[in-house]
Every structure is written in structure tokens, then in C-alpha cells.
Amino acid sequence: MLLFGALRIALPTYTIRLLDGSGTLQIGGETYTGCDDVFGTIAELSELSEEIGDQAPEITIKLFPPNVSGAATLASPHMQGCSVQLLVGAVNMTTGTVIGTPEVVFLGEIDVPTVEIDAQGERSVSFTVVSVFERLFEVEEGQRAQNAWHQSIWPGELGLEHMTGTDVNLYWGAKPPQGNNQKNGLAGWLANAQAVKASMPR
């Protein structure tokens with residue numbers, strides 16, 4: 001039995017499947033190799049560690065692309081947000097098949113790609129890969145009562161299709177700013193209507 005590591009990066013138009021050594025393995029119906037013809041080999045992987053804190057875990061991955069075209073694709077802004085899986089498993093040395101189902105030890109997305117050239121002129125591309133839990137720290141500042149945003153989350157749901165020209169501020173996930181207690185927009189109109197109604201003789 002031999003332990004192995006595997007890396008899966010889902011690009012917009014291509015999926016990179018690499019092993020941490022030479023050879024070829026079938027994992028979950030997909031073929032993983034030690035060297036990808038387009039994007040090269042794994043050069044380096046940072047250590048994984050478990051800790052408690054206020055930041056999501058992250059790892060660093062370095063690849064050796066075989067040519068300038070591969071390096072340019074890996075360093076493209078389109079790489080940001082691409083899904084990354086790091087797996088660990090075992091292979092039967094006699095049959096050359098994977099034993100059981102490899103464990104996913106890290107699941108994340110590419111944050112920042114960086115191209116590096118060393119003193120010998122060897123080109124590499126490094127990625128900072130943040131855990132999927134990074135999304136838990138996002139402040140949803142873009143949420144609003146508007147049709148386009150609503151359908152970006154729930155495609156085809158037309159509940160806000162005719163929501164136009166609203167001047168009511170909806171503070172989702174944040175406290176409203178402190179003011180002079182004067183209400184604006186719909187809230188102000190409703191308060192004013194209630195005041196007018198209360199002043200009318202019965």
C-alpha cells in the first residue's frame with residue numbers, strides 16, 4: 001500500500017487533475033496524472049494545519065507550467081474563484097488501483113495567482129487557495145430589494161420583477177445609521193398618513 005496526494009482544480013473550461021508524483025490513477029471515474037500536458041506538474045504544496053481563529057484556513061499551491069501559454073492561463077484573473085480540492089488516498093501496489101475513496105482534506109477556491117521566475121529562468125505559478133469557509137466572513141453589502149440581484153440568487157423567481165424606483169433603505173445584516181428620528185421614503189409617508197388620519201375629526 002502506498003499513500004498519495006491528488007489535486008483537482010476546476011477551471012472555467014478545463015479541469016486539472018494532478019498527482020504528487022509520477023504515474024496515473026483513476027479516482028472517482030476521473031484520470032489523475034503526475035504531469036498535465038497543458039499545465040505541468042505540482043511544484044510545491046504548503047502544509048495543512050488545524051487551528052481556531054477568526055480567519056478561514058488557506059493553503060499555497062505552486063505549479064510548474066510547461067510553457068508561457070500555460071502560465072498565462074494559470075495567472076489569468078478568470079482563475080480567481082475556481083474550485084480546488086486536495087485529496088489523500090492509498091493505492092494497491094500490486095494492482096495499481098485506488099483503495100476505497102480518497103479523503104478530501106481541503107476544499108477551497110483560488111484567491112490570488114502569482115507568476116514567479118527564479119534565477120535560472122524557471123517559471124512557476126503560485127496560488128493562494130482559501131477555504132470555502134471564507135464566504136462566511138463576507139459582508140453582504142450588495143444585497144438589495146432589486147430584481148436583478150434577486151434573480152442572481154434565485155433564477156426565474158419573479159417576486160421583485162416590478163420592484164422599481166424604491167427609495168426605502170433596507171439594512172440587511174447591519175444596523176441603520178443613527179439620525180434625528182425623521183423618517184424618509186415609504187416609512188415617512190406611512191407615518192405622515194397615520195398622523196393626518198389621527199388629526200381628522202370623527
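For the range 78-92, indicate whether the set of residues that are among the β-branched types (Val, Ile, Thr), surrounded by fewer than 18 Cβ atoms within 10 Å (Cβ to Cβ) and within 20 Å of Thr31 (Cα to Cα) is non-empty. First the steps, then the outcome.
Within the range 78-92, the first condition is being among the β-branched types (Val, Ile, Thr), and the residues that meet it are 84, 88, 91.
With the extra rule that they be surrounded by fewer than 18 Cβ atoms within 10 Å (Cβ to Cβ), the set shrinks to 88.
Filter once more, keeping what is within 20 Å of Thr31 (Cα to Cα): 88.
Checked the range 78-92: at least one residue is among the β-branched types (Val, Ile, Thr), surrounded by fewer than 18 Cβ atoms within 10 Å (Cβ to Cβ) and within 20 Å of Thr31 (Cα to Cα).
Kindly provide the set of residues from the range 114-143 that are more than 30 Å from Ser69 (Cα to Cα) and at pLDDT 85 or above, ordered by number.
If the condition is that a residue be more than 30 Å from Ser69 (Cα to Cα) and at pLDDT 85 or above, then no residue fits.
I need the full set of residues from the range 99-110 which are open to solvent by 40 Å² or more (accessible area, probe 1.4 Å) and touching a residue at least 24 places away in the same chain (Cβ under 8 Å), in order please. Before the answer, list the steps.
Let us first name the residues in the range 99-110 that are open to solvent by 40 Å² or more (accessible area, probe 1.4 Å), namely 99-101, 103-105, 107.
Of everything in the range 99-110, those that are open to solvent by 40 Å² or more (accessible area, probe 1.4 Å) and touching a residue at least 24 places away in the same chain (Cβ under 8 Å) turn out to be Ile99, Thr101, Val105, Leu107.
Could you tell me whether Ile42 is under 19 Å from Val129 (Cβ atoms) and in contact (Cβ under 8 Å) with a residue 60 or more places away in the chain?
no
State which residue is nearest to His78 (Cα to Cα) when the search covers only the range 12-21 and only residues that are of a type outside the set (Phe, Trp, Tyr) and open to solvent by 20 Å² or more (accessible area, probe 1.4 Å).
So the residue we want is Pro12.
Give me the pairs, please: first residue somewhere in the range 73-98 and farther than 18 Å from Ser46 by Cα, second residue anywhere and open to solvent by 40 Å² or more (accessible area, probe 1.4 Å) and assigned to a helix (DSSP H, G or I), beta-carbon distance under 9 Å, and either six or more positions apart or on two chains.
Final answer for the pair search is Met79/Thr73.
Looking at this structure, is Val105 at pLDDT below 90 and touching a helix residue (DSSP H, G or I) at 6+ places or on another chain (Cβ under 9 Å)?
Here the answer is no, as Val105 does not meet what is asked.
Residues that are polar (S, T, N, Q), at least 1 per element: which strands (runs of 3 or more DSSP E) completely within the range 1-113 meet that?
Because the criterion is at least 1 residues that are polar (S, T, N, Q), the strands (runs of 3 or more DSSP E) in the range 1-113 that meet it are 15-19, 24-27, 30-33, 41-45, 58-64, 83-91.
Within the range 144-152, does at least one residue satisfy the condition of being part of a loop (DSSP other than H, G, I, E, B), within 24 Å of Cys82 (Cβ to Cβ), open to solvent by 60 Å² or more (accessible area, probe 1.4 Å) and at pLDDT below 80?
Kept after step one, since they are part of a loop (DSSP other than H, G, I, E, B), are these residues of the range 144-152: 144-146.
With within 24 Å of Cys82 (Cβ to Cβ) added as a condition, the list becomes none.
Within the range 144-152, not a single residue is part of a loop (DSSP other than H, G, I, E, B), within 24 Å of Cys82 (Cβ to Cβ), open to solvent by 60 Å² or more (accessible area, probe 1.4 Å) and at pLDDT below 80.
The values are calculated or read from the model by the stated rules, or taken from the named source; none is laboratory data. Just so we're clear, the structure is a prediction, and the values are computed from it rather than from any experiment. Please note: Cβ atoms are built from the backbone with ideal geometry, for glycine as well, and neighbour counts cover all protein chains shown. Accessible surface is based on the protein model in full, side chains and every heavy atom, while ligands, DNA and RNA are left aside. Shrake-Rupley method; radii C 1.70, N 1.55, O 1.52, S 1.80 Å.
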